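Values in this text are rule-based calculations from the coordinates and carry no lab data. This one's a predicted model, so the numbers in the text were calculated from it and none came from an experiment. Note that we place each Cβ from the backbone using ideal geometry, even for glycine, and neighbour counts take in every protein chain shown.
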Amino acid sequence: IKKIAVMTSGGDSPGMNAAIRSVVRACAYYRTECVGIYRGYQGMIEGDMIPLTARSVNNIVHKGGTILKSARSKDFRTKEGRKKAYENLKENNIDALVVIGGDGSFTGGVVFNKEYNFPIIGIPGTIDNDIFGTTHTLGYDTALNTAVDAIDKIRDTASSHNRLFFVEVMGRDAGFIALNAGVGAGAEEILIPEEDLGLDRLLESLKKSRRAGKSSSIVVVSEGDKTGRNVFELADYVEENLEDYEVRVSVLGHMQRGGTPSCFDRVLASRMGVKAVELLIDGKTNLMVGLQNNEIQTIDLEKAIKGQNDINRELLRVSDIMTT
Ligand code: F6P
């Protein structure tokens with residue numbers, strides 16, 4: 001392996017820059033050339049690349065977003081698109097690829113590897129934490145802290161006005177952000193896709209809180225929850241069915257994807273980047289690096305996509321007890 005390319009793909013997440021830096025510096029350490037591909041697979045198809053040296057990644061460890069930009073490429077889903085991408089890699093003498101992204105990006109990588117036998121290692125970068133084979137994806141910890149910070153602020157105004165707030169958090173089809181930020185911020189109720197307890201239970205629980213003397217409440221709603229209503233419809237339903245509650249909605253949205261990465265995410269990114277490069281130099285491919293029992297481990301890229309991270313049942317129970 002003489003030349004490794006690195007790119008970020010799919011939804012960005014805090015810590016991606018720290019991971020790029022780690023890949024680039026590990027390449028420099030092992031005297032391997034490094035190239036950055038802009039805008040993920042789309043940039044690969046368009047040949048949008050830049051040589052990266054250890055000095056190209058100065059002062060980015062603490063920055064949110066990704067200096068290489070990111071995209072979800074439709075063209076890469078076509079055979080012609082992937083052919084063009086392969087030709088560009090070959091033309092630039094690139095021998096292997098590090099993909100920093102989520103399951104969509106890894107799926108693309110697996111297909112590409114099957115067609116062209118091109119060495120690929122994945123680094124899980126998404127705020128959703130929905131990748132199997134790692135307890136933490138890059139950016140998840142930062143997104144959690146951002147969400148908790150925002151909910152703390154909402155709590156202040158909820159309390160001043162005796163209001164019930166519905167706060168929607170991201171996570172796509174997974175409830176990891178909602179459950180953990182909900183417990184961390186002391187939410188009354190947490191609605192996640194993995195556990196649909198129904199609207200009656202929600203109403204009952206809010207009534208119970210009222211009876212227990214709480215004058216304001218926060219319900220954290222995961223964007224993928226299974227109530228069959230969006231967060232605004234949910235809020236309307238609750239307002240209609242609960243007496244004396246003024247209800248408001250706050251959708252946190254993309255602010256959860258930005259901002260300075262936490263120390264945890266920076267350290268994780270540094271560890272994962274080094275491991276990804278070492279694996280490629282050792283002739284390994286089709287693996288994802290992940291964190292398990294606080295150690296950097298590897299898992300088959302395909303398993304990482306197909307497997308399902310279970311929601312933490314103990315945390316669900318703790319959350320129930322905390323609302324007493
Ligand atoms: O996968 C990350 C994520 O932020 C999800 O939480 C969310 O559902 C989705 O991406 C939003 O995507 P977009 O940036 O295309 O609106």
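Please go through region 163-178 and pick out each residue that is touching a helix residue (DSSP H, G or I) at 6+ places or on another chain (Cβ under 8 Å) and either within 14 Å of the ligand (Cβ to nearest atom) or free of Cβ contacts under 8 Å to residues at least 12 places away in the same chain (or both).
168, 169, 170, 171, 176, 177, listed by residue number.
Just a yes or no: is a residue in region 228-235 touching a helix residue (DSSP H, G or I) at 6+ places or on another chain (Cβ under 9 Å) and among the polar types (S, T, N, Q)?
No, region 228-235 contains no residue that is touching a helix residue (DSSP H, G or I) at 6+ places or on another chain (Cβ under 9 Å) and among the polar types (S, T, N, Q).
Checking the structure you have, find out if any residue of region 112-123 is within 16 Å of the ligand (Cβ to nearest atom), closer than 17 Å to residue 9 by Cα and of a type in the set (S, T, N, Q).
Within region 112-123, none of the residues are within 16 Å of the ligand (Cβ to nearest atom), closer than 17 Å to residue 9 by Cα and of a type in the set (S, T, N, Q).
Anything in region 149-162 that is away from the ligand (no atom under 16 Å from the Cβ) and among the hydrophobic types (A, V, I, L, M, F, W, C)? List them, or say none.
If the condition is that a residue be away from the ligand (no atom under 16 Å from the Cβ) and among the hydrophobic types (A, V, I, L, M, F, W, C), then 151, 154, 158 are the ones that fit.
Restricting attention to region 225-253, and to residues there that are within 14 Å of the ligand (Cβ to nearest atom) and surrounded by fewer than 19 Cβ atoms within 10 Å (Cβ to Cβ), which single residue is farthest from residue 183 (Cα to Cα)?
Selected residue: 230.
Check whether at least one residue in region 143-160 is touching a strand residue (DSSP E or B) at 6+ places or on another chain (Cβ under 9 Å) and free of Cβ contacts under 8 Å to residues at least 40 places away in the same chain, and report yes or no.
Within region 143-160, one or more residues are touching a strand residue (DSSP E or B) at 6+ places or on another chain (Cβ under 9 Å) and free of Cβ contacts under 8 Å to residues at least 40 places away in the same chain.
Give the residues of region 20-56 that are within 16 Å of the ligand (Cβ to nearest atom) and of a type in the set (Gly, Ala, Ser), sorted by residue number.
Matches in region 20-56: 40 only.
I'm told residue 232 meets every condition in (1) more than 21 Å from residue 7 (Cα to Cα); (2) not in a helix (DSSP H, G or I) except one. Can you identify the failing condition by its number?
Unmet for residue 232, out of (1) more than 21 Å from residue 7 (Cα to Cα); (2) not in a helix (DSSP H, G or I): (2).
Under the condition of being more than 16 Å from the ligand (Cβ to nearest atom) and surrounded by fewer than 19 Cβ atoms within 10 Å (Cβ to Cβ), which residue from region 254-269 is nearest to residue 1 (Cα to Cα)?
Going through the qualifying residues, I end up with 267.
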